[in-house]
Amino acid sequence: MADLDAALRVTGRIRRRFLAECRDHLVDLEHHADRGDAAVAFGPPGRVAASFDAAVASTRGVRATWTAAFGAATVGGSTLALIWSADAAAQAAVPWALAFFLSAQVSAVAIVIGLIQAVGTRGHEVSPADSALLCRRNAIALVSALVAMFAAGGALTGNGNPLVLLAGPAVAGASAVVVGRAWWFTRQLAGARARIDRSPFADLRSWSGLHVPTVGPLELAIVMATGAVVRDHGEQGSTLAGSVRSGAIEAAFVLVAFLVLRAPLGLRTSVITAD
Amino acid sequence: MGSGDLLRGHLDGLLLAVLADEPGHGYELARRVATRSHGDLDVPEGSLYPALHRLEQAGFVSSRWAIADGRRRRVYRRTAAGRRRLASWHEERRSFVHAVDRVLGVAT
């Protein structure tokens, strides 16, 4: 028990309950075998403690993902409220507009792949490295959502309901505490700092049973660029040349964002295409 | 037989299976696994608790403190979601075993 207590990282009520259950179990083992056999039958205390810590890290990471998704969505709502309350004649400066669109898309991608990972790992044995990756995806989603809101505020002038505008950042702040707590605990565990990659397409296939094709960054850039062209030309009535320029900017954004964020998001191409 | 690595992917399913009959605490569940496997599955018994934590957090089992064998123990029971999870685990395991048999050239 002393070795188990020393090896265990988790604290609080969960720790007390786990140690109480293990103590009861060892007492039962000793009643039915001699002391040496009880320790052998129970298993190496370091390994048992590491396994329990990994399980706690995994469940905290999944819980943090739901919280981060709610936080990012609330920030999105506040951002929309900010945009709708902008002065009709307001003209967004290009750098702010670009920052808004880029960070909003990064946030959406990060939260979607985080949710896909969380659903797939629910109830399964997950390594500390996987849990750390989930925490990184959650953190990127929240930070990007807040950057998008900040950029929207910088781009536009107007008067909005302060409660509605502040709701998003407030909820995101609370979500960040949950994500930060999960991440802080996970980082203490052996193997948590290993940088791994995890294909969201493989995750989606594993729990949905659907035949989801793997899409690389180039294909995604083409799809996003096409969407930008159609949106610009069809909805906003831009000229074809202007729409194509928007599409090219969108494609460039996708590729640059992928190059910069593929490591922290666990999306390095060489691993994904091997899937 | 029953090395730790081979068992690792199956422990959750084994626990859900032995909880089908009636609730039990960790030591009882370990005994049920050993009894049903006729001692062939050598599970390090401490590894049950991380698995039970995972299953509980996922909603597949629930637990409460109760008096068992004259002592206060944490007793686990399977939920309806756990029953469905066991059924899907059976299906996954069957598909996996058939696929391995085909590769090995074993008649199925």
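Annotations for the structure displayed:
- Residue, nearest to B:Glu28 (Cα to Cα), within the range A:27-56, restricted to residues that are modelled with pLDDT under 90 and of a type in the set (A, V, I, L, M, F, W, C): A:Leu29
- Residue in the range A:90-98 that is buried (at least 24 other Cβ atoms within 10 Å of the Cβ) and more than 14 Å from every other protein chain (Cβ to nearest Cβ) present: no
- Selection within the range B:79-108 - open to solvent by 50 Å² or more (accessible area, probe 1.4 Å) and over 19 Å from the mean Cα position of the chain (by Cα): B:His98, B:Val100, B:Arg102, B:Val103, B:Leu104, B:Gly105, B:Val106, B:Ala107, B:Thr108
- Only residues that are open to solvent by less than 50 Å² (accessible area, probe 1.4 Å) and either closer than 14 Å to A:Ser144 by Cα or not in a helix (DSSP H, G or I) (or both) were counted in the range A:259-269, giving 6.
- Within the option set A:Gly12, A:Gly76, being surrounded by 18 or more Cβ atoms within 10 Å (Cβ to Cβ) and away from chain B (no Cβ under 11 Å) holds for one residue only, A:Gly76.
- Helices (runs of 4 or more DSSP H) completely within the range B:15-108 that count 1 or more residues being within 19 Å of A:His25 (Cβ to Cβ) and within 12 Å of chain A (Cβ to nearest Cβ): B:26-36, B:48-57
- Filtered by the rule that a residue be β-branched (Val, Ile, Thr) and open to solvent by less than 30 Å² (accessible area, probe 1.4 Å), the range A:56-73 gives A:Val56, A:Thr59, A:Val62, A:Thr65.
- Criterion (open to solvent by less than 10 Å² (accessible area, probe 1.4 Å), at the interface with chain B (Cβ under 9 Å from one of its Cβ atoms) and charged (D, E, K, R)) met by exactly one of A:Asp24, A:Asp53: A:Asp53
- Residue among A:Arg137, A:Arg122 that alone is within 23 Å of A:Val223 (Cα to Cα), charged (D, E, K, R) and out of contact with any His (no Cβ under 9 Å at 6 or more places or on another chain): A:Arg137
- Test: A:Ser246 is in a helix (DSSP H, G or I), among the hydroxyl-bearing types (Ser, Thr, Tyr) and open to solvent by 40 Å² or more (accessible area, probe 1.4 Å): no
- Looking at A:Ser144, A:Ser103, A:Ser131, A:Ser107, just one residue is within 14 Å of chain B (Cβ to nearest Cβ) and part of a helix (DSSP H, G or I), and that residue is A:Ser131.
- Single match in A:Ala190, A:Ala174 (criterion: open to solvent by 50 Å² or more (accessible area, probe 1.4 Å) and under 16 Å from the mean Cα position of the chain (by Cα)): A:Ala174
- For the range A:27-38, filtering for residues that are surrounded by 13 or more Cβ atoms within 10 Å (Cβ to Cβ) and in contact with an Asp or Glu (Cβ under 9 Å, 6 or more places away or on another chain) leaves 4.
- B:Asp12 being within 12 Å of another protein chain (Cβ to nearest Cβ), in a helix (DSSP H, G or I) and open to solvent by less than 80 Å² (accessible area, probe 1.4 Å): yes
- Checking each residue in the range A:140-149 for being open to solvent by 40 Å² or more (accessible area, probe 1.4 Å) and touching a residue at least 40 places away in the same chain (Cβ under 8 Å) picks out A:Leu146, A:Val147.
- Selection count where residues are under 15 Å from A:Ala108 (Cα atoms), surrounded by fewer than 24 Cβ atoms within 10 Å (Cβ to Cβ) and hydrophobic (A, V, I, L, M, F, W, C), scope the range A:122-139: 1
- Looking at A:Gly154, A:Gly76, A:Gly114, just one residue is assigned to a helix (DSSP H, G or I) and over 22 Å from A:Met224 (Cβ atoms), and that residue is A:Gly154.
- Unmet requirement for A:Val164, which otherwise passes all of (1) surrounded by fewer than 18 Cβ atoms within 10 Å (Cβ to Cβ); (2) within 14 Å of chain B (Cβ to nearest Cβ); (3) assigned to a helix (DSSP H, G or I); (4) not acidic (Asp, Glu): (2)
- Condition check for A:Gly46: assigned to a helix (DSSP H, G or I), within 11 Å of another protein chain (Cβ to nearest Cβ) and surrounded by fewer than 18 Cβ atoms within 10 Å (Cβ to Cβ): yes
The values are calculated or read from the model by the stated rules, or taken from the named source; none is laboratory data. The structure presented is a predicted model; accordingly, all values stated were derived computationally and were not measured. Quick reminder, even Gly has a Cβ in these numbers, built from the backbone with ideal geometry, and neighbours come from all protein chains shown. Areas reflect the complete protein model, heavy atoms only, side chains present, ligands, DNA and RNA absent. Shrake-Rupley method; radii C 1.70, N 1.55, O 1.52, S 1.80 Å.
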